[in-house]
Amino acid sequence: MKQDSQTPSPGSRRDFLRDGVRGLAFLGLGGIGGFLSTRGRAGDTVWQIDPEICVQCGKCATHCVRQESAVKVMHNHHICGYCELCTAFFEPDPNDLNTGAENQLCPTGAILRRFVEDPYYEYTIDESLCIGCGKCVKGCEMFGNGSMFLQIKRDLCLDCNECAIAVVCPSRAISRIPAEQAYLLKTVS
Amino acid sequence: MSELRSGSSSPLSPGRPADAGAGGERPALDHPSLVTGWEWWIGAVVAAALVGGGILLWRLVRHPDPAPLSSEFIYDVSRYTAIDPALIEYEPAGRIETGLEVVRAVAAGPNDRVLVAGDQAVAILDRRGGERGRLECSAPPRCLAVAPGGGIHVGLRDRIETRGAGGELLSIGESLGPRTLLTSIAVAGGDLYAADAGERTVWHLRVSGEKIGRIGDRSEETNAPGFKIPSPFFDLAMAPDGLLRVVNPGRHQIEAYNPDGTMELAWGKASFRIDGFIGCCNPVHIAILPGGEFVTSEKGAPRVKLYDSQGEFRCVVAGPQQLGADGAARDLAVDREGRILVLDPPTRSVLVFVRKRESPERGEADDGER
C-alpha cells in the first residue's frame with residue numbers, strides 16, 4: 001500500500017489537466033490553421049498567368065471563385081499584325097470580313113475591330129464582355145502572332161490564398177509572383 | 001496492444017505491474033486514465049482525419065466542380081485541317097539531320113548538296129546528311145540562295161554575305177537599313193532580289209550589294225497592291241518564266257513582278273479549305289519546281305501543297321500527319337530532280353518528299369474537298 005501511494009495515480013488531477021491542455025493546444029493549432037487557410041495572405045505577391053505556359057484550356061472561365069472570372073484577355077499591340085483577316089476575331093472561313101455576328105469568333109462579342117488604314121485593323125478587348133474562355137487567344141496563337149493572351153486582372157482578383165483556377169490549371173501556368181513584377185505580358189515568341 | 005492481449009497490465013492503468021494486485025489485492029481503479037499513450041495518438045489521428053474529411057466534404061458541397069465550357073467557347077478547326085489522304089501525292093523519302101541547334105532556311109546546291117542556314121553558320125550537307133562543309137557567318141543567317149554557278153548568298157538581318165562556290169567569303173554588303181529584316185533571297189540574271197519584312201519591300205540589288213531599286217511598294221503605276229507582312233515571313237523565288245514570284249502573306253496571294261517592279265499577275269485566296277491559304281497570313285514559304293509548279297508552305301496548320309504554274313491547286317505534299325501538329329513555319333527548296341526539301345525546325349532536320357510512284361486518282365474526293 002505504501003508503494004501504491006508513492007506511485008503517481010494515472011487518473012490524477014494532474015493527468016486530467018495535462019490531457020486537457022493537450023486537447024486545447026490541438027484545437028488552437030487547428031483554429032490557427034483554419035484561419036490561415038481562409039484568411040491568410042502571401043505577402044506582397046499576386047496571382048498571375050504565365051502566358052508562355054498557358055494552354056487556354058477554358059478553366060479560367062469556369063473555376064474562378066468570382067461569378068465573373070478575374071481572368072480576361074489582354075492584347076499586346078506591339079506584337080499584333082493588325083491583320084485584316086484576324087483569326088482571333090473571325091470564325092474559321094468567315095462568310096465575309098466584316099463585323100457581322102455570324103463572322104465573329106467570340107461568343108460574347110468582346111473583341112472590337114476598328115479600321116486604321118488599308119490594310120490594317122486594330123483589335124481591342126471589351127473587358128466587360130470577356131469571360132476569359134481563351135477562344136480568341138487560341139485562334140491568335142495558332143495562326144497569328146500570338147499577341148492575345150489570358151491574364152488575371154489585379155483589380156478583379158480577390159487574391160485568394162489558394163487560387164481555385166491554379167488548383168485545376170493543367171499546365172501549372174498560374175503562380176504567385178511579386179506584386180511589383182505584375183503584369184506578366186506576352187512577349188515576342 | 002500487446003499489453004492488452006497478454007493481460008500483463010490493466011488496460012485501465014497503463015504501466016502498472018501485473019502483479020500489483022496479486023494476492024487478492026484489488027487494483028487501484030480510482031481516477032483511472034481513460035486512454036493509453038498509443039490510443040491517445042490513434043484517436044487524434046482519427047479525429048484529424050474526420051475533421052479533414054468533413055472540411056473537404058463541406059468545400060465540395062459549397063464549391064461543386066463547375067460545368068465545362070460549352071462547345072461554342074472551344075476553338076476547334078480540326079474539320080478544316082484534316083486532309084483527305086487521297087489528296088496526298090507525295091511520300092517521305094528520307095530525313096537529313098543538320099547538326100544545327102536552330103534552323104532557319106534551306107536551299108538546294110549543286111552536286112546534290114543541301115545547304116541549311118542556322119545558328120551562326122551555313123551547313124553544307126550531302127543527301128545522307130553527311131556534313132561536307134560549314135560556313136561560319138558574321139551574324140545569324142536568316143535566308144540563303146545559291147547561284148547557278150555555285151555562289152552562295154547568305155542573308156543576315158540587314159545585309160548579305162556573298163561567298164564563292166568554294167565557300168570563300170567574297171563580300172559583306174552594306175546595311176540595307178535600320179528596320180531591315182531579310183527573310184528571303186533569289187538570284188537571277190546576275191542580280192539579287194531580297195525580301196525585307198521590316199521594310200515590307202523587295203530590294204533589287206547588284207551582286208555587290210548596290211541597290212538598284214525597290215519592288216512591290218504600293219503604287220497604281222506599277223499595279224502593286226503593297227505587301228502585307230503581319231509576321232516575319234516573306235518569301236520570294238524566281239520562276240522559269242523570268243518573273244519574280246513574291247508571297248504577299250497578308251493578302252494570301254503570290255504575286256509576279258517584272259524586274260522593273262511592275263506587277264503582272266497574282267493568284268491565291270484566303271480559305272481554310274485545302275485549295276486556299278489558311279489563317280491570317282499564309283503561305284509563309286514557296287519554292288518553284290523546274291517545270292514551273294509552285295510548292296507552298298503554310299504555318300499554323302502545317303500544309304505543304306502543290307499548285308500548277310497558273311496557281312491551280314494540284315495536290316498535297318505533306319500535312320500535319322507527316323509534318324507534325326505544331327504550327328511552325330517550314331522553309332522549302334527543290335532540287336534538280338524535283339525532290340521537295342522541307343526544313344523542319346522542331347526536329348532541326350530536312351525532310352525529303354518525292355512523288356508517289358503510283359499516284360492515286362483524286363476524283364470525287366478532290367471535288368468534295370473543294
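The values are calculated or read from the model by the stated rules, or taken from the named source; none is laboratory data. Computed from a prediction, not measured in an experiment: that's the story for all the values here. Virtual Cβ from ideal backbone geometry, glycine too; neighbours counted across all protein chains shown.
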task = Would you point out the residue of the range A:89-109, among those that are in contact with a helix residue (DSSP H, G or I) (Cβ under 8 Å, 6 or more places away or on another chain) and aliphatic (A, V, I, L, M), that is farthest from B:Phe277 (Cα to Cα)?
result = A:Leu105
query = Any idea which residue in the range B:306-354 is nearest to B:Ile185 (Cα to Cα), counting only those that are charged (D, E, K, R) and surrounded by fewer than 16 Cβ atoms within 10 Å (Cβ to Cβ)?
reply = B:Arg336
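Residue by residue, here is whether (1) among the basic types (Lys, Arg); (2) modelled with pLDDT of 95 or more holds:
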| residue | (1), (2) |
| --- | --- |
| B:Lys269 | yes, yes |
| B:Val295 | no, yes |
| B:Glu312 | no, yes |
| B:Arg330 | yes, yes |
| B:Lys356 | yes, no |
| B:Arg362 | yes, no |
note = When every residue in the range B:103-119 that is in contact with an Asp or Glu (Cβ under 6 Å, 6 or more places away or on another chain) and within 17 Å of B:Glu136 (Cβ to Cβ) is compared, the one surrounded by the most Cβ atoms within 10 Å (Cβ to Cβ) is B:Ala105
ask   = If we scan the range A:111-118, do we find a residue that is more than 9 Å from chain B (Cβ to nearest Cβ) and touching a Lys or Arg at 6+ places or on another chain (Cβ under 9 Å)?
value = no
remark   = Within the range A:93-119, restricting to residues that are part of a loop (DSSP other than H, G, I, E, B) and charged (D, E, K, R), the one that is surrounded by the fewest Cβ atoms within 10 Å (Cβ to Cβ) is A:Asp96
query = Quick one: how many residues across the range A:48-101 are more than 12 Å from every other protein chain (Cβ to nearest Cβ) and under 16 Å from A:Phe143 (Cβ atoms)?
reply = 1
note = Scanning the range B:272-311 residue by residue, those within 14 Å of chain A (Cβ to nearest Cβ) and on the phi > 0 side of the Ramachandran plot turn out to be B:Gly279, B:Gly300
ask   = Quick one: would you say B:Ile288 is touching a Pro at 6+ places or on another chain (Cβ under 8 Å) and buried (at least 24 other Cβ atoms within 10 Å of the Cβ)?
value = no
message = Return the residues of the range B:56-76 that are modelled with pLDDT under 90, surrounded by 10 or more Cβ atoms within 10 Å (Cβ to Cβ) and touching a helix residue (DSSP H, G or I) at 6+ places or on another chain (Cβ under 8 Å); say none if nothing qualifies.
response = B:His63, B:Pro66, B:Pro68, B:Leu69
remark   = Exception for A:Ile131 within (1) β-branched (Val, Ile, Thr); (2) out of contact with any Leu (no Cβ under 8 Å at 6 or more places or on another chain); (3) surrounded by fewer than 17 Cβ atoms within 10 Å (Cβ to Cβ); (4) in the same structural domain as A:Glu91 (by TED's automatic domain parsing) falls at (3)
ask   = Quick one: in the range B:93-137, which of the residues that are in a strand (DSSP E or B) and acidic (Asp, Glu) is nearest to B:Arg357 (Cα to Cα)?
value = B:Glu97
Residues being modelled with pLDDT of 95 or more, touching a Cys at 6+ places or on another chain (Cβ under 6 Å) and within 14 Å of chain B (Cβ to nearest Cβ) - total across the range A:144-182 = 5
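Yes/no per residue for (1) surrounded by 22 or more Cβ atoms within 10 Å (Cβ to Cβ); (2) in a strand (DSSP E or B); (3) aliphatic (A, V, I, L, M); (4) at pLDDT below 95:
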| position | (1), (2), (3), (4) |
| --- | --- |
| B:Ala139 | no, no, yes, no |
| B:Gly150 | no, no, no, yes |
| B:Asp158 | no, no, no, no |
| B:Ala165 | no, no, yes, yes |
| B:Ala186 | yes, yes, yes, no |
| B:Ala194 | yes, yes, yes, no |
| B:His204 | no, yes, no, no |
task = Would you kindly identify the helices (runs of 4 or more DSSP H) lying entirely within the range A:1-82 that contain at least 1 residues that are at pLDDT 75 or above?
result = A:13-39, A:59-63
inquiry  = Within the range A:163-185, does at least one residue satisfy the condition of being in contact with a Phe, Trp or Tyr (Cβ under 8 Å, 6 or more places away or on another chain) and part of a loop (DSSP other than H, G, I, E, B)?
reply    = yes
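Every residue, every condition in (1) touching an Asp or Glu at 6+ places or on another chain (Cβ under 7 Å); (2) part of a strand (DSSP E or B); (3) within 24 Å of B:Asp196 (Cα to Cα), yes or no:
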residue: B:Asp275; (1), (2), (3): no, no, no
residue: B:Cys281; (1), (2), (3): no, no, yes
residue: B:Ile286; (1), (2), (3): yes, yes, yes
residue: B:Gly291; (1), (2), (3): no, no, no
residue: B:Val295; (1), (2), (3): no, yes, yes
residue: B:Val304; (1), (2), (3): no, yes, yes
residue: B:Ser309; (1), (2), (3): yes, no, no
residue: B:Val317; (1), (2), (3): no, yes, no
inquiry  = Go through the range B:224-254 and report how many residues are over 19 Å from A:Leu85 (Cα atoms) and either within 14 Å of chain A (Cβ to nearest Cβ) or assigned to a loop (DSSP other than H, G, I, E, B) (or both).
reply    = 7
